[in-house]
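Below is one structure, written out as structure tokens; the observations come after it.
Taken together, the values in this text are just the output of simple stated rules run on the coordinates, not laboratory data. Keep in mind that what you see is a predicted model, and the values were worked out from it rather than measured. Note that we place each Cβ from the backbone using ideal geometry, even for glycine, and neighbour counts take in every protein chain shown.
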Amino acid sequence: MNRPLSGKRILVTRPADQSSGLASRIAACGGQAECFPLIDIAPPQDWRAMDEAIARLETFAIVIFISPNAASFGLGRLLSRRSWPERVAAAALGPGTAGVLAEAGVAGVIAPRGRYDSEALLSLDLLGAGRIAGQGVLIVRGDGGRDLLAETLRARGARVECVPCYRRSPPRDGAPLVSMLRGRALDAVTLSSTEGLRNLLQLLDTGSRERLLDLPVFVSHRRIANEAARRGLRRVVLTGPEDGGLVTGMCTYRWADHER
């Protein structure tokens with residue numbers, strides 16, 4: 001059996017409820033996943049904006065779910081109050097989010113292929129200026145986040161509303177992560193967001209930060225890679241998207257060429 005990650009301990013930094021898939025793939029390739037979520041996810045303190053949008057869901061032509069968390073929290077709240085309207089389209093930025101929606105019974109989910117971000121979604125004909133102008137669009141997301149999607153759709157003439165359905169916060173205790181890095185217990189790190197990268201660097205002390213600079217850091221999007229390089233990480237490896245891209249990148253990485 002081909003186990004290209006045999007003997008490698010790899011840090012998985014996805015939120016706790018999203019880490020098992022990547023961890024299982026790493027294990028299947030012979031590696032050992034060490035899970036340390038760099039973003040803690042919780043329901044919003046106030047559901048009123050979400051509930052108000054749910055009550056008039058038929059006024060939107062399309063509802064866009066930004067992430068698996070948005071699909072899980074937002075759709076869960078919605079389906080606890082009503083069924084999904086047949087005339088309202090659902091869209092997702094990537095297959096992970098689309099999968100959560102499909103598993104909950106939402107049919108015909110629209111998602112880009114090959115690249116999974118706001119830019120890719122905006123390139124779809126459904127959201128082009130000629131079709132979306134005058135239409136209502138609901139964006140279900142966490143608190144904060146990028147505004148590119150909403151701003152672009154408004155510029156194309158859509159009526160856009162954004163509602164939060166979860167909160168993000170950094171981990172409270174970075175000691176376990178610092179200990180793993182200082183103890184040289186990790187062979188690589190995976191990152192799936194620029195927010196996670198920022199939280200990672202804020203948690204580290206000088207010794208653990210220096211060890212991070214010696215490790216390959218596998219990232220799933222060009223935007224993360226650029227930010228990591230800007231912040232001084234020396235061994236940034238850009239992979240394909242989602243868990244599959246990260247694992248393929250790790251399995252094809254020339255580990256022996258970089259061992260120290």
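Listing for the model above:
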| item | result |
| --- | --- |
| Gyration tensor (alpha-carbon) shape descriptor, segment 81-133, a/c threshold 1.5 | oblate |
| Sites R198 and T252, calculated FRET efficiency, Cβ-Cβ separation with R0 25 Å, nearest 0.05 | 0.35 |
| Difference of contour (0.36 nm per residue) and Cα-Cα distance, D214 to R113 | 33.0 nm |
| Residues listed by number, segment 16-52, amide nitrogen under 19 Å from N2 label point at 7 Å toward C-beta | 24-32 |
| Karplus (6.51, -1.76, 1.60) ³J(HN,Hα), θ = phi - 60°, over segment 150-165, in Hz, Gly and Pro reported as x | 5, 5, 5, 5, 5, 5, 8, x, 7, 9, 10, 10, 10, 10, x, 10 |
| Three-way shape call for segment 110-192 based on the alpha-carbon gyration tensor, with the a/c threshold at 1.5 | prolate |
| Under-5 Å amide H pairs with R159, H placed in peptide plane, nonlocal only | G134, Q135, G136, V137 |
| Candidates R234, R182, R172: whichever shows maximal mean-square fluctuation once the chain is modelled as a Gaussian network with Cα springs under 10 Å | R172 |
| Tensor-based shape of segment 22-140 (alpha-carbon gyration tensor, a/c under 1.5 rounded, otherwise prolate or oblate) | oblate |
| Sites N226 and R167 - FRET efficiency at Förster radius 35 Å, r taken between beta-carbons, to 0.05 | 0.85 |
| Stretchable slack from D205 to R146, in nm (0.36 nm times residue separation minus alpha-carbon distance) | 18.4 nm |
| Cα-projected label distance for S123 with D17, points at 7 Å along beta-carbon direction, nm | 3.1 nm |
| Fewest-first ranking of S20, S208, S67, using other Cβ atoms within 10 Å as the exposure measure | S20, S208, S67 |
| Fraction of beta bridges assigned by DSSP in the chain that are antiparallel (%, nearest 5) | 10 percent |
